[in-house]
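These notes concern the structure reproduced below.
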Amino acid sequence: MPIAHIAQYTPKQNLLLAALPEADYQRLLPHLEPVQLKIGQPLYETGARMRHVYFLANSIVSLLYVTQNGATTEIAVIGNEGMVGVALFMGGETTQNPTMVKSAGMAYRLKESVIRDEFKHCESVQHILLRYTQALLTQITQTAACNRHHSIDQQFCRCLLSSLDRLTSNELSMTQEFIATTLGVRRESVTEAAKKLQSAGLIHYTRGHITVTDRKGLESEVCECYAVVKKEYDRMRKDALVDRMRSDALIAA
């Protein structure tokens, strides 16, 4: 990637890295390798050795569950509020849940040896990553409930809003086929849901491109799962910010 392009980004676009006390952030900075993620790119394959964690800047990644017959469904979506690869600092080396890039963009990856050492010896890194893991588990369990109890229309709204929360615009580059794969439903079901939302004036859809034209209207159509998960991530961010302010104040004193 050209140096000028990389210079447009900073690891502090990732909210976990931004929440670290400055001394801890500066210690990690030389180890953070910028990588460009492409839509559809796998970061981990089922059962494969994990060698890096990824702190996302402006990209979005889907955490997937794959059945024996190859059917997939999204169990979590991760953006700049988090990172990919929690198994590495929780004691694992592989994962049964593959990941796929949902929206292209930048990420910063960290070698497994570095993240494990930081998690073991740095209290602030440990606290931030454990808080994030708790929020991620909340999202996974809520998604499981949503997939079982709520309509495809509501799941589609949740998918759109969850992606919007992790982007800086109201435009999404996703095909209906890709959305159907992540939701684990037929493409025709997504097409029907998209038609309903477009007829209601909530979105505008052209092939591979969705523009949300009425976010509040979309929020009125989504199930409660979206708000539950958003509240948990908001709490995580608030707690991390408070901890950083306290840490920086102690150092300044």
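Each reported figure results from applying straightforward, stated rules to the coordinates on display, with no laboratory input. Source: prediction; values computed, not measured. Because the Cβ atoms are built from the backbone with ideal geometry, glycine has one as well, and the counts that use them run over all protein chains shown.
Structure notes:
- Cα gyration tensor shape of the range 138-253, rounded if a/c is under 1.5, else prolate or oblate by comparing a/b with b/c: prolate
- Mean-square fluctuations from a GNM of the chain, with a 10 angstrom spring cutoff on Cα atoms, peak among Ala48, Ala18, Ala104 at Ala48.
- Rounded to whole Hz, the Karplus (6.51, -1.76, 1.60) HN-Hα couplings of the range 12-29, x for glycine and proline: 6, 5, 7, 6, 5, 5, 5, 7, 6, x, 4, 4, 5, 4, 5, 5, 6, 3
- Only Lys, Arg, Asp and Glu carry charge here, each on its Cβ (+1 for the first two, -1 for the last two); on that basis the range 1-118 has a dipole of about 240 debye about its Cα centre.
- When each full DSSP H helix of the chain is screened for a Cα extent of at least 30 Å along its own axis and an average Kyte-Doolittle hydropathy of at least -1.0, the helices passing are 123-149, 224-252.
- With Cα atoms as the point set, the chain shows a radius of gyration and Dmax of 18.4, 61 Å.
- Close amide H partners of Cys223, meaning residues 5 or more places away or on another chain with modelled amide H under 5 Å apart, are Arg158.
- Note that the range 96-107 has calculated 3J(HN,Hα) couplings of 8, 10, x, 10, 9, 5, 9, 9, 5, x, 9, 9 Hz, one per residue in order, obtained from phi through the Karplus relation 6.51 cos²θ - 1.76 cosθ + 1.60 (θ = phi - 60°); glycine and proline are x.
- For the range 1-123, projected area of the alpha-carbon convex hull averaged over all directions, nm²: 7.7 nm²
- Mean residue ellipticity (222 nm) of the chain, computed from DSSP H runs ≥ 4 via -39,500 (n - 2.57), nearest 500: -15500 deg cm²/dmol
- Mean-square fluctuations from a GNM of the chain, with a 10 angstrom spring cutoff on Cα atoms, peak among Thr141, Thr168, Thr95 at Thr168.
- FRET efficiency, Thr94 to Gln198 (Cβ-Cβ, R0 45 Å, nearest 0.05): 0.60
- Measuring between their Cα centroids, the range 73-89 and the range 152-217 lie 21 Å from each other.
- Taking label positions 7 Å along the Cα-Cβ direction at both Thr67 and Lys216, the computed distance is 4.1 nm, reported to one decimal.
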